[in-house]
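Below is one structure; the comments refer to it alone.
The values are calculated or read from the model by the stated rules, or taken from the named source; none is laboratory data. Quick caveat, the model's predicted, so the values are computed rather than measured. Here the Cβ positions follow ideal geometry from the backbone for every residue, glycine too, while neighbour counts run over all protein chains shown.
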């Protein structure tokens with residue numbers, strides 16, 4: 001199924017008014033626009049009067065110190081650099097414990113680290129939106145997450161635009177042009193290829209342009 005922004009908003013409203021708490025996943029390759037779109041969709045739905053919370057997967061990045069200790073700092077963003085089991089456990093609580101306020105972590109790009117218990121999911125929230133790279137990955141523990149998501153949308157964006165955005169992001173957060181290029185076409189591109197292989201498992205392909 002192909003979605004544009006208007007179609008996607010209609011589907012999100014349907015999820016938010018289903019009569020039970022739903023979880024919508026937004027996935028795609030690095031710099032495809034997941035975070036920006038998820039924030040925009042959340043704001044639109046709240047503006048329409050719906051109770052929505054945004055809980056990004058990035059809050060489950062392993063701490064930078066842990067990555068360095070494990071020798072994984074150079075591939076930060078790969079599946080093994082996340083606490084996937086912790087993310088799945090959060091989704092399970094969000095899905096099954098709607099009577100309590102649940103606190104989720106968030107990732108701070110300025111610090112390049114996660115901050116615990118930063119995002120509240122209140123009992124009245126009817127739709128939780130989560131966005132991240134590996135929502136459709138079929139290896140464990142990520143495969144358990146897919147079963148907890150009511151829908152997952154894959155954001156499709158041309159590689160040229162994505163690469164340009166990604167290099168700019170790396171430079172914005174302190175990397176030199178050479179470092180930004182190496183990261184974009186190195187570990188980030190390996191992750192992008194892995195994520196692209198999950199595209200066919202999405203409920204819908206989202207085109208934002």
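Worth pointing out:
- Scope the range 149-177; condition at pLDDT 90 or above, more than 18 Å from residue 34 (Cβ to Cβ) and surrounded by 13 or more Cβ atoms within 10 Å (Cβ to Cβ); matching residues: 171
- The range 43-70, residues that are part of a loop (DSSP other than H, G, I, E, B) and surrounded by 20 or more Cβ atoms within 10 Å (Cβ to Cβ): 55, 56, 62
- Here residue 94 clears all of (1) surrounded by 14 or more Cβ atoms within 10 Å (Cβ to Cβ); (2) at pLDDT 95 or above; (3) out of contact with any strand residue (DSSP E or B) (no Cβ under 7 Å at 6 or more places or on another chain); (4) closer than 26 Å to residue 48 by Cβ except the condition numbered (3).
- Checked against (1) part of a helix (DSSP H, G or I); (2) surrounded by fewer than 22 Cβ atoms within 10 Å (Cβ to Cβ); (3) touching a residue at least 60 places away in the same chain (Cβ under 8 Å); (4) within 19 Å of the chain's Cα centre (by Cα), residue 40 passes all but condition (3).
- Residue check, residue 180 in contact (Cβ under 8 Å) with a residue 40 or more places away in the chain, in a helix (DSSP H, G or I) and surrounded by 14 or more Cβ atoms within 10 Å (Cβ to Cβ): no
- Residue, nearest to residue 143 (Cα to Cα), within the range 183-204, restricted to residues that are in a helix (DSSP H, G or I) and in contact with a strand residue (DSSP E or B) (Cβ under 8 Å, 6 or more places away or on another chain): 201
- Checking residue 152 against (1) in contact (Cβ under 8 Å) with a residue 24 or more places away in the chain; (2) under 26 Å from residue 53 (Cβ atoms); (3) outside any strand (DSSP E or B), the condition it does not meet: (3)
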